[in-house]
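Asks: Got a structure here, written out as C-alpha cells. Questions coming.
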Amino acid sequence: MNESLPTIESQKTAQIRLTLNSEQTDVAFAPYKTLLEVLREDLGHTGTKHGCELGECGACAVLLDGKPVLSCLVLALECDGRKVVTVEGLCEDGKLHPLQEAFADLGAAQCGYCTPAILVTAKALLEENPKPTRDQIREAISGNLCRCTGYLQIFEAVEAAVLNISGQQKEA
C-alpha cells in the first residue's frame, strides 16, 4: 500500500451552497451524487422519491430555480448557488399549500409515492399559468407516472386548488 496516496474518503468530498425550500443550505457529499441522492441521503428530505432513476417515471421531480426537473438526472454539483424546492417546501408558516389541501380532500393520492413530485410539478404550472385548462394540467404532469389513481382525482385536485387560490368557492 502506498502511503503517499490520499485516502479515498478525502477524494469523495464536494461541497455546495444552495437555497433549499427558502433556506440557505451548505452540504458536503460525494461528487458523483445526484441531486436526488443528496436531498434524501445528506439532507434528509425524503419526500423526493427514488423511482426508476432513469428519468422516466417522474417520482423524483423537484423545482430547480422554479422549473420542474428530475433530480435523478441532475448532478448535485450543478446546483451550487441555485434554488431547490421539494414537497417539504410547499408549506408556508405551518400551513399546507392549497394543492396539498386539495389532494388530501379529494383523495388524489392513494399510495402517495408519486404525489410529492406531482405536487411540485403542479405548483410550477400554477405559478406560470394560474388558471390552466384540464389539458394544460394533463400536459404539465404527463412526466409523472401514477399507478394507482387513474389521474382523474389528480386533475380534479389541481382544478380545486386553482379555485381555492383564486378565492372562488366550488359550487355544489
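Here, each number is a calculation from the coordinates, and none is a lab measurement. Computed from a predicted model, the values in this text were never measured in an experiment.
Asks: Give me, ordered by chain and number, the residues 5 or more places off A30 or on other chains with an amide H under 5 Å from its own placed amide H.
Replies: So A30 has HN proximity to A14.
Asks: What list of ³J(HN,Hα) values in whole Hz, one per residue of the range 114-124 in order, does the Karplus curve 6.51 cos²θ - 1.76 cosθ + 1.60 (θ = phi - 60°) give from phi, with Gly and Pro shown as x?
Replies: 7, 4, x, 5, 5, 4, 5, 5, 5, 4, 4
Asks: Tell me the relative contact order for the chain as a rounded percent, counting alpha carbon contacts under 8 Å between residues six or more apart.
Replies: Details: 279 pairs, mean separation 35.8, N = 172.
Answer for the chain is 21 percent.
Asks: Would you calculate a helix-derived [θ] at 222 nm for the chain, using -39,500 (n - 2.57) for each DSSP H run of n ≥ 4 and dividing by the full residue count, to the nearest 500?
Replies: On the way: 5 runs with 47 residues, N = 172.
The helix-only estimate for the chain comes to -8000 deg cm²/dmol at 222 nm.
Asks: Could you work out the relative contact order of the range 98-165? I mean the mean sequence separation of Cα pairs under 8 Å and 6+ apart, divided by the number of residues, in percent.
Replies: Relative contact order of the range 98-165: 53 percent.
Asks: Turning to a different aspect of this structure: Work out from phi, with θ = phi - 60° and the Karplus expression 6.51 cos²θ - 1.76 cosθ + 1.60, the ³J(HN,Hα) of each residue of the range 85-100, listed in order in whole Hz, and give x for Gly and Pro.
Replies: 10, 10, 4, 5, x, 6, 6, 10, 6, x, 10, 4, 5, x, 5, 4
Asks: Please list, ordered by chain and number, the residues whose modelled amide H lies under 5 Å from the amide H of C57; skip anything fewer than 5 residues away on the same chain.
Replies: C52
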